[in-house]
Amino acid sequence: MSYTVIFFLVLYYVVVIGIGYWALRRGSGDSLEDYLLGGRQVGPLTTALTLQSTSMSGYMFLGAGGLGYLQGYWALWFAAGDIGGGVLNMSIIGRRMRKMSQMMGALTSIEYLEKRYPSPAVRLVAGLLTVFLLGFYVVAQLIAGGKGMALVTGIPYPAALAIAVGIILIYTFMGGYLAVAYTDFFQSLIMLVGVMWIMIASLTELGGLTAANNAIGEIDPTLLSVWGRGLGFEGQWGVVAGALLIFSVGYMGWPHVVTRHMAMSQPATARKAGVWATVWNLFFVPAPYLVGILAILILPNLDDPEMAIFQVADKLLPAAVTGLVMAAIMAAIMSTADSLLLQTGSIASRDLYERFINPNASEKQMVFVSRGLVLAIAVIGYAVALVEPPSVFSIVIFATSVLGSAFLPAYVCAVWWSKANTPGALASIVVGASVAFIWQYAGLVDSTQLHPMLTGVVSSSVTMFVVSLATQKISPVPEYVLDAMQVTTTVGPIPGRFLTATEFGLTQEAAAIDKALDGDASDG
Amino acid sequence: MFGLPIATALLVFGFPVFWILYTIVFLIVTRDWVKDSAAADDAQ
């Protein structure tokens, strides 16, 4: 056990909790909108960095490194799409979703779907699916945190896991979205410094990139190819397309990520946020994959490839720097886990509990219920991570593939296609999730050489178009939704009638939707 | 380049260049988005 490493970790935790406390002092827990969306006051840099650090989970330090170690440069297909994920998100749905969500008074990404596609079924199906998948995703982060801390500090895995979960809970409880956003900002910087440091140390150790590549080529030249070890993926363009899609366009289907759009201070915040996201991604995203590839030379006999980055840090860096890198790894894990916990709690409380169980819940009650659910999910996640820890890579790929496949067309068409209606969205969510899930677990990836993300997105998109067009007459898009879409499309002011509408409480809004479903809706 | 086959070099360096260009074009074509912000402030 290195006390220097532990010192840096403790220092990191103290700073993170301090930021959470500062967010609390800013009054981020006063109302439900403050708690869930930080009062819609988050600027471009913080938006970009919370978007990216939430998307870049413990996967980047375990799964990405492990993939590079096993498959060589083939792993870079994932990074190639990932670099543009942030700017794609901001350019395609960022501004429009921010504007639309404000006009509709939506506070969660699932509530937003119900208001765009008016039907309680949309909210119920989307809410249940999201809570299940994000819960799964949380478990992957907890496992990553526990394994990493246990390895580097020597603390037993159960205790390391408990510490990581405890810290996340403390600052998630402190200030809701604003605490998460500002701690993400700090953590994204730590992640960047940490990963760059370890990559530079690895390159220095090996005499530079060219020398390292030449050495890898001598071991196995196929590791330098774009088709993986032994050319195992040669010609499998379906798998390559899935690898490119999952972390590029896939982002737009992740409910915990698109919430960032809704919390932006202005619709135009998306513009600068997109630029910041690209800048951060260019430096951060390829590095973990490259370190994994370089670990082939540094640690040729590694038992667990997912531990490649941890082991390289442990071997090459002095204790103080290892502490910084360890903090970076924990930052990647925690910045995703806190967002997942907050979103899972929010969706479960607002979109399921309040909407379907207790419609008269007050805002204070909602915050209380959300925090209680966060605690419950963290405890269940801790138990699962302790008893049966599966592979981080497999969980993340499973959860993100199904999420992206299910929700991508629903979120994109919500602001871009006025014919996208309720039956189309509902069918698209169900078909996309089912196809991605079945493709993964029925072994269809090997037999068809198509990635579940690719088949999932294609099938959910086709379903959206076919079902929406087929049901236009029996289920037209309500006039007030079309009106909101028109305002969203236009660059200009949000009409006063929509700003007034956001003052409505949830119950009134839900009642308005029910009324609309009964055919009595009027504009706004 | 850097001891990599051409296809791999394109994967490693070509995609980042593409995303840089995409971001620059995005920044240029969305210059009018600021009207959204100013107008929203006025409306409130």
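Here, each number is a calculation from the coordinates, and none is a lab measurement. Just so it is clear, the structure is predicted and the values come from calculations on it, not from any experiment. So basically every Cβ, Gly included, is an ideal-geometry build from the backbone, and we count neighbours across all protein chains shown.
Measure nothing fancy, just the Cα-based angle from helix A:479-489's long axis to the longest principal axis of chain A, in degrees from 0 to 90, nearest 10.
50 degrees
Can you sort B:ASP32, A:ASP82, A:ASP220 so the residue with the fewest Cβ neighbours within 10 Å comes first?
B:ASP32, A:ASP220, A:ASP82
Exceeding 29 Å between C-alpha atoms, which entries from my cross-link table qualify? They are A:LYS99/A:LYS419; A:LYS115/A:LYS473; A:LYS364/B:LYS35; A:LYS99/A:LYS364.
Checking Cα-Cα distances, A:LYS364/B:LYS35 exceed 29 Å.
Using only Cα atoms, tell me the angle between helix A:3-25 and the longest principal axis of chain A; keep it within 0 to 90° and round to the nearest 10.
10 degrees
Go ahead and estimate [θ] at 222 nm for chain A from helices alone: -39,500 (n - 2.57) per DSSP H run with n ≥ 4, summed, over the residue count, rounded to 500.
My calculation for chain A gives -24000 deg cm²/dmol from helical runs alone.
Give me A:TRP276, A:TRP417 sorted ascending by neighbouring Cβ count inside 10 Å, so fewest comes first.
A:TRP417, A:TRP276
Quick one: what are the phi-derived ³J(HN,Hα) couplings along region A:316-327, Karplus 6.51/-1.76/1.60 with θ = phi - 60°, whole Hz, x for glycine and proline?
After applying 6.51 cos²θ - 1.76 cosθ + 1.60, I find 8, 9, x, 4, 4, 6, 4, x, 5, 5, 4, 5 Hz.
Using only C-alpha positions, report the orientation-averaged shadow area of the convex hull of region A:52-99, nm², one decimal.
On the way: hull surface 14.4 nm².
The orientation-averaged projected area of the Cα hull of region A:52-99 comes to 3.6 nm².
Once phi is turned into θ = phi - 60°, what whole-Hz ³J(HN,Hα) does the Karplus curve with 6.51, -1.76 and 1.60 give for every residue of region A:153-158, x standing for Gly and Pro?
Result, ordered by residue: 9, x, 5, x, 3, x Hz.
Which of the listed residues, B:THR30, A:SER394, A:MET199, is farthest toward the dipole's positive end in the protein assembly as shown, when Lys, Arg count +1 and Asp, Glu count -1 at the beta-carbon?
After comparing all options, I get B:THR30.
Report, as a whole number in µm² per second, the diffusion coefficient that Stokes-Einstein gives for region A:341-472 at 25 °C and 0.890 mPa s using the Kirkwood radius over alpha carbon pairs.
After rounding, the answer is 146 µm²/s.
Arranged by the count of other C-beta atoms within 10 angstrom, fewest first, what order do A:ARG95, A:ARG229 take?
A:ARG229, A:ARG95
Tell me, Kirkwood radius of the protein assembly as shown from alpha-carbon pair distances, in Å?
The Cα-based Kirkwood calculation yields 23.7 Å.
Which value, in debye to the nearest 20, describes the size of the charge dipole of the protein assembly as shown about its Cα centre when Lys and Arg Cβ atoms bear +1, Asp and Glu Cβ atoms bear -1, and nothing else is charged? Let's see the in-between values first.
Working: 26 positive and 33 negative charges, 131 e Å.
The calculated dipole for the protein assembly as shown is roughly 620 debye.
Answer with one residue from A:VAL445, A:ALA414, A:PRO158: the one whose Cα lies farthest towards the positive end of the charge dipole of the protein assembly as shown, charges on Cβ with Lys, Arg +1 and Asp, Glu -1.
Of the options given, the answer is A:ALA414.
Quote to one decimal, in nm, the extra length available between A:GLU479 and A:GLU218 on full extension: 0.36 nm per residue of separation minus the C-alpha distance between them.
Going from the current span to full extension adds 87.4 nm.
Please find the FRET efficiency linking A:LEU189 to A:ARG497, where r is the Cβ-Cβ separation and R0 is fixed at 45 Å, and quote it to the nearest 0.05. Can you show the working numbers first?
Details: r = 42 Å, r/R0 = 0.93.
After rounding, the FRET efficiency stands at 0.60.
Quick one: Karplus J couplings for region A:129-135, per residue in order, coefficients 6.51, -1.76, 1.60, θ = phi - 60°, nearest Hz, x for Gly and Pro?
Residue by residue, region A:129-135 yields 4, 5, 4, 5, 6, 5, x Hz.
Just want the answer: with Cβ charges of +1 for Lys and Arg and -1 for Asp and Glu, which residue in A:VAL379, A:ALA241, A:LEU36 is farthest toward the dipole's positive end in region A:3-391?
A:LEU36
Using only Cα atoms and rounding to the nearest 10 degrees, what angle (0 to 90) does helix A:506-517 make with the longest principal axis of chain A?
70 degrees
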